[in-house]
Amino acid sequence: MADQADTATGEEIGFKPLYAQVREQLMRRLVSGEWLPGMLLPSEIELARQLNVSQGTVRKALDSMTADNLVIRRQGRGTYVAEPEESRILFQFFRLKPDMGEASFPDSHVVSTGHAQPTATETENLGLKQDEQVFRIERIRMLSDQPILIETITLPASRFPDFDHLTIIPNNLYRLYSERWGITIGSAEERLKAIAASSRDAKKLGCEEGEALLLISRVAKDLEERPVELRWSRCISRDIHYAVNLR
């Protein structure tokens, strides 16, 4: 019967495997807010019944989502929507690690915030409409009370209404995006480049003007692959490095 159920949806299969189509349907529940961070998902059997596919197809779709850190399987308890916890963000989105010792999530100190007209680069990277404003955050990040990077974060103001009403901007911005605006960061594209420290960045980082910095430009995207954040990080790399595992 399971094979018949899977075959019954053949008109919708097209060129994508059935499990990939099931994943897309489950993703829409995340995007719509039907499934919120931390929520327990229906069982595989129930999802299979709802979608008229086999339990194995649902399991494969959930395995794919688990690999992308979108859901979490807890032995004997079920499958939950992943929350943007610091531990997950540390290894998925923060690639800087100390040359010696264990990796840790850096603290942050907000330098400035405010609305602004976007630059051409911000407009292009965030796919902004004409006359759309942005909200910018500049902050210094520290490990063991030592500044390691200064970052400028740009957000489309239309997607983050009332951001300027926050009295405190937390260290974990991706959790804030999820809990307050229902925006989950699902992926990010980064580019790395060597630059010389400007006088302004040098003053804030406590380094010499002209010292070599690592520039990391990141475009973070939501679950629908729409850009929602542009982040420029200028990093002192004396005692830290950018780490990536290639598999």
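The values are calculated or read from the model by the stated rules, or taken from the named source; none is laboratory data. As the structure is a computational prediction, the values presented were derived from the model and not from experiment. With ideal geometry, Cβ positions are generated from the backbone for all residues, glycine too; neighbour counts draw on all protein chains shown. For the accessible areas, the whole protein counts, side chains as well, though only heavy atoms, and no ligand, DNA or RNA atoms are used. Shrake-Rupley method; radii C 1.70, N 1.55, O 1.52, S 1.80 Å.
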Test for E151: is it touching a Phe, Trp or Tyr at 6+ places or on another chain (Cβ under 7 Å), among the charged types (D, E, K, R) and either without any contact (Cβ under 8 Å) to a residue 40 or more places away in the chain or in a strand (DSSP E or B) (or both): yes
When L166 is run through (1) open to solvent by less than 50 Å² (accessible area, probe 1.4 Å); (2) of a type in the set (A, V, I, L, M); (3) touching a residue at least 12 places away in the same chain (Cβ under 8 Å), the failure sits at (3)
Give me the residue from region 16-72 that is modelled with pLDDT of 85 or more, in a loop (DSSP other than H, G, I, E, B) and of a type in the set (G, A, S) and, out of that set, nearest to the chain's Cα centre (by Cα). S43
Just one of S144, S199 is more than 30 Å from G38 (Cα to Cα), touching a Pro at 6+ places or on another chain (Cβ under 9 Å) and without any contact (Cβ under 8 Å) to a residue 24 or more places away in the chain; which is it? S144
Do we have any residue at all in region 152-161 that's modelled with pLDDT of 95 or more and in contact with a His (Cβ under 9 Å, 6 or more places away or on another chain)? yes
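For Q133, indicate whether it is open to solvent by 60 Å² or more (accessible area, probe 1.4 Å), at pLDDT 90 or above and within 28 Å of S198 (Cα to Cα). I'd like the intermediate steps shown before the answer.
Values: open to solvent by 60 Å² or more (accessible area, probe 1.4 Å): yes; at pLDDT 90 or above: yes; within 28 Å of S198 (Cα to Cα): yes.
Considered against the rule, which asks whether it is open to solvent by 60 Å² or more (accessible area, probe 1.4 Å), at pLDDT 90 or above and within 28 Å of S198 (Cα to Cα), Q133 comes out as yes.
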Mind listing whichever residues of region 202-235 are more than 20 Å from L126 (Cα to Cα), outside any strand (DSSP E or B) and open to solvent by 30 Å² or more (accessible area, probe 1.4 Å)? K203, K204, G206, E208, E209, G210, E211
